[in-house]
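A.B. asks: Have a look at this one before I ask anything.
Just so it is clear, none of the values below were taken in a lab; they were calculated from the coordinates. If you're wondering where the values come from, they're calculated on a predicted model, not measured in any experiment. Here the Cβ is made from the backbone with ideal geometry for all residues, glycine too, and neighbour counts use every protein chain on show.
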Amino acid sequence: MLPKPPPRDNGLGFLFLPPYRVAGTSVAGEATSIMVPELDVTFDLGICPRAMLPSKYVCISHGHMDHIGGLAYWCSQRYFQGMGVGNIICPEPIAPAIQRMLEGYNDLERQKTPYNLIPLKPEGTHEIKNNVFVRAFALEHTAPTFGYSVIERRSKLKDEFVGLPQEKLTELKSQGTEITRWLEIPLVAYVYDTVPVPAMVREDVRKAQLILCECTFFEPGDRARAKVGMHLHVSDIVEWLKVAECQAMVIGHVSRRTNLAIAKSFLVQALGKEKADRVHFLMDGKANKERFERQLLDAGEHPTPVRGGGKFGAGPFRGRQGDARGPGPARGAGGSGGGYRSGPTRG
């Protein structure tokens with residue numbers, strides 16, 4: 001009698017939340033790795049699926065192994081595949097330990113893998129694309145932990161100069177007059193592994209188009225456990241959504257013992273259907289697959305059946321017959337090699 005094969009890997013969780021694709025895995029205590037291809041960034045690398053290799057930047061929240069275990073592999077494989085040097089944004093307090101870890105792998109491999117380590121202090125920023133910046137802010141967890149906001153800076157004419165002819169504006173500028181001001185547009189916020197903190201309602205988080213966050217505990221009796229482990233409880237999410245202005249919130253870091261159907265019904269009861277509809281679970285494969293197939297049909301595309309799904313993994317899902325890319329509007333966006341592929345990323 002032949003032995004049973006190991007469980008099949010159902011792939012990455014996937015959501016298309018225009019204009020962004022969110023792909024990755026996030027299970028409490030196992031691994032969190034979440035990428036937004038349009039921004040060339042991955043948040044945390046507990047493991048490193050091949051699909052995440054094209055990300056030019058990785059933002060590490062903290063040093064726990066389920067958030068950093070795949071970092072050395074990402075650096076090594078990017079170099080091996082000829083994808084360029086990886087850029088690691090991290091909290092300044094853990095930068096020396098990350099450097100020591102990566103140097104240890106250099107010793108093990110007997111080769112030097114290049115990488116750029118970019119330590120940030122709270123409120124520090126780093127430009128990841130033209131006029132798009134990552135900003136760090138402090139969270140509270142059992143280890144030094146940062147959240148991140150991705151913001152776009154846009155130049156806008158000051159109100160007092162609106163309506164002036166171009167010649168006059170040129171003259172004022174040549175005289176050294178500052179005629180423009182900078183606006184910050186919050187795009188994405190990443191808030192993982194923390195107790196409730198004031199940073200969750202700061203402007204670049206509260207007004208972000210997309211919030212990626214953890215919620216580890218859902219049972220009413222688990223509030224004490226959430227406090228001890230310094231994680232968010234679903235009751236914290238409910239309060240947060242009363243003020244958050246995001247178009248969508250993606251929840252990860254859910255325990256495998258959590259019944260997602262019960263969790264979603266609780267959110268509907270607590271928030272009402274309109275607000276609860278903004279909330280998605282990254283690893284809710286069946287619901288996310290059905291949602292994406294509806295998006296394809298609405299866009300005039302024909303979804304191809306893809307095996308997989310279920311509670312913890314399901315996607316990404318195919319578009320047109322034989323087309324492994326994501327939905328039409330996102331193709332070619334960002335600098336991560338075009339459309340998101342459901343299979344391994346080519347080197």
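A.B. asks: Using alpha carbons only, how many angstrom separate the centre of segment 222-236 from the centre of segment 128-176?
C.D. replies: Measuring centre to centre over Cα atoms gives 36 Å.
A.B. asks: Fully extended, how many nm does the chain gain between D277 and L164 (0.36 nm per residue separation, minus their Cα-Cα distance)?
C.D. replies: On the way: separation 113, 0.36 × 113 = 40.68 nm, distance 4.47 nm.
Using 0.36 nm per residue and subtracting the Cα-Cα distance, I get 36.2 nm.
A.B. asks: Separate question: Please state the relative contact order of segment 194-306 as a whole percent: Cα pairs under 8 Å, 6+ residues apart?
C.D. replies: Once normalised by length, the contact order is 25 percent.
A.B. asks: With 10 Å bins from zero, work out the P(r) of segment 13-283 over every alpha carbon pair and list the percent per bin.
C.D. replies: Answer for segment 13-283: a P(r) of 7, 28, 32, 18, 10, 4, 1 percent.
A.B. asks: Let me ask something additional. What FRET efficiency, computed as 1/(1 + (r/R0)^6) with R0 = 25 Å and r the Cβ-Cβ distance, is obtained for Q247 and M65, rounded to the nearest 0.05?
C.D. replies: E between Q247 and M65, to the nearest 0.05, is 0.15.
A.B. asks: Do any GluC sites (Glu not before Pro) in segment 152-208 lie in a DSSP loop with no more than 15 other beta carbon atoms within 10 Å, and if so, which?
C.D. replies: Working: sites: E152, E160, E167, E171, E178, E184, E203; in loops: E178.
Of the GluC sites (Glu not before Pro), the ones in loops of segment 152-208 whose Cβ has at most 15 other Cβ atoms within 10 Å are E178.
A.B. asks: For K286 and R225, what is the calculated FRET efficiency with R₀ set at 25 Å and r taken between the beta-carbons, to the nearest 0.05?
C.D. replies: 0.35
A.B. asks: Test of understanding: extend the Cα→C-beta vector of E92 to 7 Å, then name every residue of segment 116-139 with backbone N under 18 Å from that spot.
C.D. replies: Within reach of a label on E92, which here means backbone N under 18 Å from a point 7 Å along Cα→Cβ, segment 116-139 contributes 117-127, 134-139.
A.B. asks: Just to confirm the filter: which trypsin sites (Lys or Arg not before Pro) across segment 199-278 are DSSP coil and have at most 13 other Cβ within 10 angstrom of their Cβ?
C.D. replies: K242, R256, R257
A.B. asks: While we're on this one: Arrange the following residues from fewest to most other Cβ atoms within 10 Å of their Cβ: V197, V36.
C.D. replies: With the fewest neighbours first, V197, V36 line up as V197, V36.
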